[in-house]
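Working notes for the structure below.
The values are calculated or read from the model by the stated rules, or taken from the named source; none is laboratory data. Everything quoted here is computed from the prediction, not taken from an experiment. Backbone-built Cβ (ideal geometry, glycine too); neighbour counts: all protein chains shown. Surface accessibility is based on the protein's heavy atoms, side chains included, excluding ligands, DNA and RNA. Shrake-Rupley method; radii C 1.70, N 1.55, O 1.52, S 1.80 Å.
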Amino acid sequence: MWRRLCSALRRLRGSPAAVFAGGGRLPAAMERAVVRCVPSEPKLSLRFVLPDGSARHMQRDQAEPLGRALARIATNAAKGHAKTRKKNKKARAEDNPSGEAAAVAPAVRLFSCDGEEIAEEMPNSAAWQDGAVLQVGEVQYRVERNPPALTELQLPRSLLAGFPVCPKVSAEFASPQHCLFRWYREQRPAAGGEAAASGNGPTWVEMSAERVFTPSNALVGLRLKLQCTPGDGAQRYGLPREVESSGPVEAGPGACTFDSRHLYTKKVCGEGSIRIVSYNILADTYAQTEFSRTVLYPYCAPYALELDYRQNLLKKELAGYSADLICLQEVDKSVFVDSLAPALDAFGLEGLFKIKEKQHEGLATFYRRDKFSLLTQHDIAFSEALLSDPLQKELCDKLAKYPVVQEKVLQRSSVLQVSVLQSTTDPSRKICVANTHLYWHPKGGNIRLIQIAVALSHLRHIACDLYPSVPVIFCGDFNSIPSSGTYSFISSGDIAEDHDDWVSNGEEERCNMPLSHPFKLISACGEPAYTNYVGGFHGCLDYIFIDKNALDVEQVIPLPSHEEVTTHQALPSVSHPSDHIALICDLKWK
């Protein structure tokens, strides 16, 4: 019946109204006219292929009357017809002895989806609706307005067996969650090394229809291909696009430090519980220096410091934690945009990024979409807040008495990322998630005290004024061991003006001031022996501080054993992507 309907439509030479009159549907085999019309842009675009085979891409003002656009289409069609006739000398001799190619413009009309001809006075933005029919002479086109379309499809440059391959998918009028995916592997050459089909390229074998594909050891040495069809969740799909891997699947490193930890995190936490991860992932901008390779990490194989290799490990590690909240430090902007955000999006996590203005790395916070929605963001740079935020005036006035320290604080690019989230199942439950990376220098205890004072003052405004009594989770690389002034200040609520850290860099940089904050914070993961393990240092620098009045610790995921950490002497290594170790715990609302 479908073939008969298509054949009948092809026999019609006039308006398609006859098809609509009987309640019939236009056949899917009709040519496509793709319209892109966005309210924020002054022009719409129209793409279609004329009967002579030439592709047309037109830009028209949205407010322009339809008749002008149809007249332009008619002119283009006539020119295309004339060119075709010129190419056919025999036809020109028989049909047009004068030798001139007659450019007769065909009738061009636009019909609504119910078969009514659309008035030429109607503006383009209203005329070109999804499902309308454009008729150019005897050829009809189905109008597709803002169909799902891929704007970017990429595969990682490095593929390892046993590690998830997460494509980067960017789309317009579509979302990656609603796209269709088909993964293929290269056909392994037959015995004797002969190509499967000479001159025709590789043969591909379909493997999976999931968004994320994890190649097995059997695929080592073979390339992968992905076909992605964009979708919008409303059963509309655009044109598919394909991408092939730049190289073959390579063998993985074997056992990794996080494999045993994944045994505790196979499933997402249940209702009322929150699994949170805090992790300094080692920015590529620091890992890929001569100093890093020869002084900081001389024990690490050079290839294991390469970004593509470390990203394979990192994505598998983070995905395996099944976390609800992930706070990352030392995140390169390109890593967030091109790698982590697309990968974790595939596992149900939404990402937020805060860059350090003077550097190429910053902070990233991810939250599970089906558990939380984002209410507000309150990110700050410590130096800017000290100078311009009225909340920091008292601290700024105190600091002004110590100009040497003040200058060092203002030179730092450290930032604080703050996100207020709301439970998707219980809107009364909100949470304030803070993420930071404090000044690194071993003698910078006084600088870190000022930075954390700015952070806690900012959090007090959010948790006491904007969202009264909202619980706080404060994650990060605090670059402070448990005996430091910073750790003591956070966990006890105050710091004395005579604390040793006020003179951490000598008498010339002394600054004495008592500080306090109202929070009741505890380290959810306690005080591990170390969270940072490199050749010349190991110690506990990373913490997940939680509001002990609102949250309980259900479980702390054990850190890797000392044997696992030191298998390759120190971190990072071929089996661990960073010089830090992730902290992971499950929390429960009280």
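Candidates in the stretch 333-361 are the residues that are among the acidic types (D, E) and more than 16 Å from G476 (Cα to Cα); of these, the one that is modelled with the lowest pLDDT is E357. Inspect all residues belonging to the stretch 404-417 and state whether any of them is more than 18 Å from Q329 (Cβ to Cβ), in the same structural domain as K371 (by the TED database), out of contact with any helix residue (DSSP H, G or I) (no Cβ under 6 Å at 6 or more places or on another chain) and among the aliphatic types (A, V, I, L, M). No, the stretch 404-417 contains no residue that is more than 18 Å from Q329 (Cβ to Cβ), in the same structural domain as K371 (by the TED database), out of contact with any helix residue (DSSP H, G or I) (no Cβ under 6 Å at 6 or more places or on another chain) and among the aliphatic types (A, V, I, L, M).
Scanning the stretch 163-177 for residues that are open to solvent by 30 Å² or more (accessible area, probe 1.4 Å) and more than 19 Å from A209 (Cβ to Cβ) returns S170, E172, F173. Comparison of R448, R412 shows that the only residue that is in contact with a Leu (Cβ under 6 Å, 6 or more places away or on another chain), among the charged types (D, E, K, R) and crowded, with 21+ Cβ neighbours inside 10 Å is R448.
Can S260 be described as hydroxyl-bearing (S, T, Y) and either farther than 29 Å from S373 by Cβ or in a loop (DSSP other than H, G, I, E, B) (or both)? Judged against the criteria, S260 is a match. Of the strands (runs of 3 or more DSSP E) that lie entirely inside the stretch 499-590, those containing 2 or more residues that are within 25 Å of I450 (Cα to Cα) span 521-523, 537-539, 542-547.
Listed here are the helices (runs of 4 or more DSSP H) enclosed by the stretch 341-403 that have at least 3 residues being over 25 Å from V268 (Cβ atoms): 382-388, 393-399.
Set side by side, the residues G53, G67 differ, and just one is touching an Asp or Glu at 6+ places or on another chain (Cβ under 6 Å) and either at pLDDT 85 or above or over 22 Å from R236 (Cα atoms) (or both), which is G67.
Pick from the stretch 256-310 the residues that are among the hydrophobic types (A, V, I, L, M, F, W, C) and more than 27 Å from the chain's Cα centre (by Cα): which of them is surrounded by the most Cβ atoms within 10 Å (Cβ to Cβ)? Spell out how you get there, then give the answer.
Start the filter on the stretch 256-310 by keeping residues that are among the hydrophobic types (A, V, I, L, M, F, W, C), which leaves 256, 258, 263, 268-269, 274, 276-277, 281-283, 287, 291, 295-296, 300-301, 304-305, 307.
Still in the running and more than 27 Å from the chain's Cα centre (by Cα): 291, 295-296, 300-301.
Working: F291: 9, V295: 11, L296: 20, C300: 23, A301: 14.
Applying the filter and picking the extreme gives C300.
Residue pairs whose Cβ atoms lie under 7 Å apart, separated by 6 or more positions or on different chains, with the first residue in the stretch 514-526 and more than 21 Å from D477 (Cβ to Cβ) and of a type in the set (S, T, N, Q) and the second open to solvent by 20 Å² or more (accessible area, probe 1.4 Å) and part of a strand (DSSP E or B), are S516/D494. Restricting the stretch 336-374 to residues that are among the aliphatic types (A, V, I, L, M) and in contact with a helix residue (DSSP H, G or I) (Cβ under 6 Å, 6 or more places away or on another chain), the residue that is farthest from R412 (Cα to Cα) is A343.
Here's the yes/no breakdown for (1) open to solvent by 30 Å² or more (accessible area, probe 1.4 Å); (2) farther than 20 Å from D494 by Cα:
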| residue | (1), (2) |
| --- | --- |
| S523 | no, no |
| T531 | no, yes |
| H538 | yes, yes |
| L541 | no, no |
| N549 | yes, no |
| V556 | yes, yes |
| V565 | no, yes |
| Q569 | yes, yes |
